[in-house]
Amino acid sequence: MSGIALVAVGISNLSNATTDVDRDYMLAVIGVAILLVAWIALVCGAVFMAMLRSVHDKGSSYLLIAVLLCLPFVGVRTISSLVFFATRNRDLSAAGGKVGFRVGLYLVQEWIVSFILVGAGLLTRNIRRSCVVERRLNDSISDSEIRM
């Protein structure tokens with residue numbers, strides 16, 4: 001949350017002509033660096049969960065796979081933002097840069113991530129209902145084994 005706040009403060013101050021531009025860029029760079037560290041932690045956590053194989057049902061597996069598929073795209077987006085703020089290269093800007101960079105580094109990746117997460121959401125929309133049915137089935141099997 002603090003990374004997003006620092007990026008927002010840095011960018012909003014850049015639009016004001018009376019502020020110190022170097023300080024505002026530094027705030028934005030620090031904010032994006034915090035977001036990059038958070039992304040690395042998220043990658044480590046997702047990979048750890050995948051290696052642990054603690055996901056037993058289909059719905060959780062779909063969600064974990066969706067997150068693992070989205071993380072590289074989010075990482076490229078974060079790194080490209082960090083490069084933009086660190087180098088101050090206007091061609092890499094998400095708002096006013098070259099069209100190729102804006103489409104390739106920002107728009108397409110955001111669409112891919114959105115479609116993957118929406119697809120995973122659609123695949124797991126009835127996950128609660130299936131868990132309840134599975135629990136009832138397991139309870140009825142356990143009761144019948146006890147009676148025998």
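The values are calculated or read from the model by the stated rules, or taken from the named source; none is laboratory data. Note that the structure is predicted; figures quoted are calculated from it, not measured. Using ideal geometry, Cβ is built from the backbone for each residue, glycine included, and neighbour counts are taken over all protein chains shown.
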Pick from the range 114-123, criterion surrounded by 13 or more Cβ atoms within 10 Å (Cβ to Cβ) and hydrophobic (A, V, I, L, M, F, W, C), ranking: nearest to residue 58 (Cα to Cα): 123
Single condition residue 111 does not satisfy, out of (1) under 17 Å from residue 35 (Cα atoms); (2) exposed (fewer than 13 other Cβ atoms within 10 Å of the Cβ): (1)
Of all residues in the range 84-108 being touching a residue at least 40 places away in the same chain (Cβ under 8 Å) and touching a helix residue (DSSP H, G or I) at 6+ places or on another chain (Cβ under 6 Å), the one that is surrounded by the most Cβ atoms within 10 Å (Cβ to Cβ): 85
Among (1) out of contact with any Cys (no Cβ under 9 Å at 6 or more places or on another chain); (2) modelled with pLDDT of 80 or more - the single one residue 113 does not satisfy: (1)
Search result, residues across the range 47-62 that are in contact with a Ser or Thr (Cβ under 9 Å, 6 or more places away or on another chain) and either of a type in the set (Phe, Trp, Tyr) or modelled with pLDDT of 85 or more (or both): 62
Which listed residue, of 61, 81, is assigned to a helix (DSSP H, G or I), of a type in the set (Ser, Thr, Tyr), free of Cβ contacts under 8 Å to residues at least 24 places away in the same chain and surrounded by 15 or more Cβ atoms within 10 Å (Cβ to Cβ): 61
Unmet requirement for residue 86, which otherwise passes all of (1) closer than 21 Å to residue 31 by Cα; (2) part of a helix (DSSP H, G or I); (3) at pLDDT below 75; (4) hydrophobic (A, V, I, L, M, F, W, C): (3)
